[in-house]
Amino acid sequence: QYQQRPVPAGGGILKREWFKRRWTLPGQDAVEGFECRSVPTQFDHISVWTDAAFKKTEDSDRVAIGVFGVKGVDLYLLHLVWDRMGFGDTVKALEHIRASWPQLSGIYIEDKANGSAIIETLRGKIAGVIAVEPEGGKEARIQAVAPFIEAGNLWLPLSASWVEDYVVEACSFPKAPHDDAIDCTAYALTHYCAKRYSSILDALTRD
């Protein structure tokens, strides 16, 4: 069990079987049990979504910085920085991602915790920094995007070292001690998928 927190074997709000779609690099073999697809060579949009933390301590939430590519109706998690970081390290990580991904259309940062200070600092250094105001609570956000994950619109990398931990965290929500990576994913899915459907937005605003 994840961090000694009891969760159903198949998952909570999100089910393990929903995370079977994986993207692969050119020449990378598929793995039995997963639906694999070569990562697109071009995307409609590539953006960064950030769930910041209050401070860096041994038991604090981790910072999750996800690089997401949109292709048609699908969202690809291309890169994830996921660690306990203070203000300075988070700023450096975002600066590095901006330099490494020049095609980014925006860097979205949750405007709470130390995210507000990160936003103000980065706006003077790099382009495309956008503050995100949380809509509803975390559970409402996950509930709102669950149908898109169930439908297979989220693609994870096949062999990244963090993928299993990511799936465990997602399927343990809301009983997991932390929810940083799945929350930044929910922001991206809401922006690119759920906002097409007014009923889902209504559910978020009613929370």
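The values are calculated or read from the model by the stated rules, or taken from the named source; none is laboratory data. Just so it is clear, the model here is predicted, and its values are computed rather than measured. Please note: Cβ atoms are built from the backbone with ideal geometry, for glycine as well, and neighbour counts cover all protein chains shown. Just the protein is used for accessible areas: all its heavy atoms, side chains included, with ligands, DNA and RNA removed. Shrake-Rupley method; radii C 1.70, N 1.55, O 1.52, S 1.80 Å.
Label reach from Glu133 (point 7 Å along Cα→C-beta): in region 97-118, amide nitrogens under 16 Å belong to 109-113, 116. Restriction of the trypsin sites (Lys or Arg not before Pro) in region 105-156 to DSSP coil positions whose beta-carbon has at most 11 other beta-carbons within 10 angstrom yields Lys125. Which links in Lys71/Lys175; Lys15/Lys92; Lys20/Lys112; Lys112/Lys138 stretch past 23 Å when you go from one Cα to the other? With Cα atoms farther than 23 Å apart: Lys71/Lys175; Lys15/Lys92; Lys20/Lys112. The largest accessible area among Asp111, Asp29, Asp89, Asp51 belongs to the first residue in Asp29, Asp89, Asp111, Asp51, and the rest follow in falling order (1.4 Å probe, all chains). As a calculated quantity, the FRET efficiency between Leu25 and Lys92 at R0 = 25 Å, using C-beta atoms, amounts to about 0.40. Here Ala99 and Gln42 are evaluated by their C-beta separation; at R0 = 25 Å the FRET efficiency comes out at 0.75.
Amide H contacts under 5 Å for Tyr108: Val48, Trp49, Thr50, Ile130, restricted to partners 5 or more places along the chain or on a different chain, H placed in the peptide plane at 1.01 Å from N. Estimated at the nearest 10 Å², the accessible area of Trp162 is 40 Å² with a 1.4 Å probe.
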